[in-house]
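Trainee: I'd like to ask some things about the structure below.
Read-outs throughout are calculated quantities, based only on the coordinates presented, and are distinct from any laboratory measurement. Small disclaimer: the values here were computed from a predicted structure and weren't measured. Glycine also receives a Cβ, built like all others from the backbone with ideal geometry; neighbour counts cover every protein chain displayed.
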Amino acid sequence: MPKIGGIMLSLKQYIVEGNPLARLHKHAQEGRHYAVISAYRPEGEATPEQNKIRHNELKDKLTSLGYAHKEVEGHYEGDKEKSIMVHAIGPGDEHGKRLLHHVKELGSHYNQDSIFHHDTKSAKLHGTNTTGFVGKDKTKPVGQTRYNKPDSPYQTETKPKSDKPLKKGRTSKGSARFTTASKFGG
């Protein structure tokens, strides 16, 4: 049997775990919330070296809180930044509320304008600072997640880890993308 992270998986689980979009669909079917957060700040506020340190620190904090996460590339207001997709520890609203609480705190700590949260039905931006779009402690609905719609200005891309030939059940060499449909952006 295949193993991921030392855990024995069935073939079906292995195929799902090796495909980021299949994993997203599986989590949504289970009722698992997810969030997207970044520690990056624009040029002038942080150097590339500082952003790298902030990003790695955020990953360490998420791990210490017990969250599974994946590095992704976020597109926000026309800019790209390294982001992190974080899945709730378990299915249901209680786990989702805990995830939302933690990522809002981290978003505030890293001076992010907002964090993205999806509750398996709809998506929202939650404001985490006083100077950015949405506004501190305000929420802006952004619609539902749509898959493989790379033209939206508000999107997150998951990509294969390397250029090695892909194993059966893995995503194609092109970016596997998912986007949020939004009332204000696309």
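Trainee: On full extension of the chain, what length is gained from residue 138 through residue 101, given 0.36 nm per residue of separation minus the C-alpha to C-alpha distance?
Mentor: Taking 0.36 nm per residue and subtracting the Cα distance, the gain is 11.9 nm.
Trainee: How big is the equivalent ellipsoid of segment 40-80 along its three axes, where each semi-axis is √(5λ) from the Cα gyration tensor, reported in whole Å from largest to smallest?
Mentor: 21, 14, 7
Trainee: Under the Kirkwood approximation applied to all pairs of distinct alpha-carbon atoms, what is the hydrodynamic radius of segment 26-146 in Å?
Mentor: Result for segment 26-146 stands at 14.4 Å.
Trainee: Calculate the spin-label point distance for residue 111 paired with residue 53, positioning each point 7 Å from the Cα along the beta-carbon direction, and give it in nanometres.
Mentor: 1.4
Trainee: Check residue 92: other-chain or 5+ apart residues with amide H under 5 Å from its amide H, H built from backbone geometry?
Mentor: It is 32, 33, by chain and number.
Trainee: Measuring from label point to label point, each 7 Å out along Cα→Cβ, what is the residue 121 to residue 61 span in nm?
Mentor: 3.0
Trainee: Could you pull out every residue, at least 5 positions away or on a different chain, whose amide H is within less than 5 Å of the one on residue 142? Hs are placed 1.01 Å off N in the peptide plane, and Pro or chain starts have none.
Mentor: Close amide H contacts, sequence-distant or interchain: 123, 124, 125.
Trainee: Now for a different question. Kindly state, to the nearest 0.05, the FRET efficiency for residue 79 paired with residue 30, given R0 = 22 Å and r defined as their beta-carbon distance.
Mentor: 0.10
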